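Asks: Let me give you the structure first, and then I'll get to my questions.
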Amino acid sequence: MDAKIVLLPGDGIGPEVVAEGQKALNAVARKFGHRWEFETCLIGGCAIDATGSALPDVTTVACKQSHAILLGAVGGPKWDDPRAKTRPEAGLLKIRKELQLFANVRPVKAYDVLVDASPLKREIVAGVDILFFRELTGGIYFGESGRRPHSSGEEAFNTMIYNTGEIERITRMAARAAQGRRKKLTQVDKANVLEVSRLWREVSQRVVRDEFPDVQYEVLLVDAMAMHLISKPKCFDVIVTENLFGDILTDEGAMLPGSMGMLPSASLGSSGPGLYEPIHGSAPDIAGKGIANPLATILAVAMLLRHSLSLETEARAVEAAVDTVLNAGHRTTDIAAGGKSVSTSEMGSLVEAQITKS
Ligand code: IPM
Ligand code: MG
């Protein structure tokens with residue numbers, strides 16, 4: 001297969017981990033006889049420095065013409081001034097909207113060899129296997145916002161809006177995924193307070209009842225979910241929720257397997273390229289030190305192969321290579337629990353060699 005893949009290294013540790021993701025992609029190409037054409041583009045803080053925009057038009061155009069996009073991370077203290085005209089994060093929000101990537105898919109899976117790196121007890125975490133579907137192009141992140149004068153100074157507002165179609169399409173995607181797994185879907189909302197949540201509940205309930213009768217559907221309020229996610233995470237299979245709740249819950253969920261450095265994500269639309277990234281951020285405190293864990297990005301590569309290129313065997317080969325390397329005891333500092341560790345590029349090379357050997 002020939003495919004065009006856009007690399008968006010971004011800021012902080014982004015370039016370091018994307019380089020290792022590219023190594024894995026190249027190993028797959030050699031092993032399975034594919035050809036990737038790579039194009040590297042700017043996004044985030046480095047794009048602001050170079051062009052004034054967090055998402056230059058050339059980046060958007062390249063992404064739209066690609067089969068898939070591999071992103072590192074955006075942001076850092078250098079661009080954190082609240083009065084700045086633009087912020088790195090704006091580039092991320094814009095690319096999601098431009099490519100209509102309405103579904104953010106985040107698997108949270110406990111690796112048995114890493115369970116003791118989790119801040120939670122082994123008996124709670126071992127065996128956890130959750131698939132989050134976070135709505136990504138609607139809700140309060142994209143609603144009308146602003147500031148206006150107020151007798152005490154100023155007031156600011158953000159608006160949360162969702163329509164039937166937006167809820168239907170992500171519910172369908174999540175329910176379809178549940179059908180291929182343990183057939184359970186949990187919809188998270190705040191329907192005891194928010195009108196938007198009441199629409200979510202009505203619509204998602206109807207979609208599952210009418211179109212996915214074999215899927216067990218339950219609803220949970222977001223505050224309760226925040227508790228259950230750490231008290232009984234094994235009870236969940238697929239979770240679907242709106243943008244802001246999903247942002248918060250997926251970070252909470254990321255703590256279950258021990259390190260954020262292990263978790264990939266995919267942002268998908270109904271057609272066109274998907275965007276794949278590690279869920280950890282730009283980690284400016286460790287940028288340039290060569291100690292970042294590249295496994296989340298390498299696992300994002302597996303998702304890219306699976307979802308955008310339909311290369312299931314290749315995706316599994318990458319995941320199996322990661323398993324083998326972990327089982328052999330290799331660790332980056334974040335998962336080494338104070339023990340011996342390898343660098344970012346050593347870890348990438350270990351996985352690369354394992355893909356080649358498989
Ligand atoms: C994420 C990030 C982004 C988000 C930020 C950087 C805008 O936290 O992908 O979860 O909130 O969506
Ligand atoms: Mg987040």
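Asks: Being of a type outside the set (A, V, I, L, M, F, W, C) and buried (at least 20 other Cβ atoms within 10 Å of the Cβ) narrows it down to one residue among Glu346, Glu352; which is it?
Replies: Only one candidate passes the filter, namely Glu352.
Asks: Determine, yes or no, whether Gly253 is buried (at least 17 other Cβ atoms within 10 Å of the Cβ), of a type outside the set (A, V, I, L, M) and either in contact (Cβ under 8 Å) with a residue 60 or more places away in the chain or touching a Leu at 6+ places or on another chain (Cβ under 9 Å) (or both).
Replies: In short, yes.
Asks: If I filter the stretch 21-39 for residues that are within 27 Å of Asp80 (Cα to Cα) and either out of contact with any Cys (no Cβ under 6 Å at 6 or more places or on another chain) or not assigned by TED's automatic domain parsing to the domain that holds Ile286 (or both), do I get at least one hit?
Replies: no
Asks: Given Ile95, Ile124, Ile140, which one is within 16 Å of ligand 2 (Cβ to nearest atom) and surrounded by fewer than 21 Cβ atoms within 10 Å (Cβ to Cβ)?
Replies: Ile140
Okay, residues lined up against (1) surrounded by fewer than 11 Cβ atoms within 10 Å (Cβ to Cβ); (2) away from ligand 1 (no atom under 16 Å from the Cβ); (3) acidic (Asp, Glu); (4) at pLDDT below 95:
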{"residue": "Glu144", "(1), (2), (3), (4)": "yes, yes, yes, no"}
{"residue": "Ser151", "(1), (2), (3), (4)": "yes, yes, no, no"}
{"residue": "Arg172", "(1), (2), (3), (4)": "no, yes, no, no"}
{"residue": "Ala177", "(1), (2), (3), (4)": "no, yes, no, no"}
{"residue": "Arg181", "(1), (2), (3), (4)": "no, yes, no, no"}
{"residue": "Leu185", "(1), (2), (3), (4)": "no, yes, no, no"}
{"residue": "Asp189", "(1), (2), (3), (4)": "no, yes, yes, no"}
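Asks: Considering only the stretch 258-270, I want to know if a residue exists there that is touching a residue at least 60 places away in the same chain (Cβ under 8 Å), in a loop (DSSP other than H, G, I, E, B), surrounded by 23 or more Cβ atoms within 10 Å (Cβ to Cβ) and within 16 Å of ligand 1 (Cβ to nearest atom).
Replies: Yes, some residue in the stretch 258-270 is touching a residue at least 60 places away in the same chain (Cβ under 8 Å), in a loop (DSSP other than H, G, I, E, B), surrounded by 23 or more Cβ atoms within 10 Å (Cβ to Cβ) and within 16 Å of ligand 1 (Cβ to nearest atom).
Asks: Only residues that are within 16 Å of ligand 2 (Cβ to nearest atom) and either modelled with pLDDT under 95 or not assigned by TED's automatic domain parsing to the domain that holds Ile13 (or both): list them for the stretch 267-282, please.
Replies: If the condition is that a residue be within 16 Å of ligand 2 (Cβ to nearest atom) and either modelled with pLDDT under 95 or not assigned by TED's automatic domain parsing to the domain that holds Ile13 (or both), then Ile279, His280, Gly281 are the ones that fit.
Asks: Show the residue pairs meeting these rules: Cβ distance below 7 Å; 6+ apart or different chains; first residue within the stretch 86-113 and polar (S, T, N, Q); second residue part of a loop (DSSP other than H, G, I, E, B) and within 13 Å of ligand 1 (Cβ to nearest atom).
Replies: Thr86/Ala54; Gln100/Thr137; Asn104/Leu136
Asks: Okay, next question. Among the residues of the stretch 273-307 satisfying the criterion of being of a type in the set (D, E, K, R) and more than 16 Å from ligand 1 (Cβ to nearest atom), which is nearest to Phe133 (Cα to Cα)?
Replies: By that ranking, first place goes to Arg306.
Asks: Among the residues of the stretch 226-246 satisfying the criterion of being touching a Phe, Trp or Tyr at 6+ places or on another chain (Cβ under 8 Å) and within 16 Å of ligand 2 (Cβ to nearest atom), which is nearest to Asp112 (Cα to Cα)?
Replies: Only one residue tops the list, namely Leu229.
Asks: Does any residue in the stretch 33-50 that is touching a residue at least 40 places away in the same chain (Cβ under 8 Å) come within less than 7 Å, Cβ to Cβ, of a residue that is of a type in the set (Lys, Arg) six or more places away or on a different chain, and which pairs are these?
Replies: Note: pairs meeting the criteria are Gly45/Lys78.
Asks: Just wondering, is there one or more residues in the stretch 213-231 that are in contact with a strand residue (DSSP E or B) (Cβ under 7 Å, 6 or more places away or on another chain), within 16 Å of ligand 1 (Cβ to nearest atom) and not assigned by TED's automatic domain parsing to the domain that holds Leu71?
Replies: yes
The values are calculated or read from the model by the stated rules, or taken from the named source; none is laboratory data. The shown structure was predicted, so the numbers you read here are calculated from the model rather than taken from an experiment. Cβ coordinates were reconstructed from backbone atoms using ideal geometry, including for glycine residues, and neighbour counts include every protein chain displayed.
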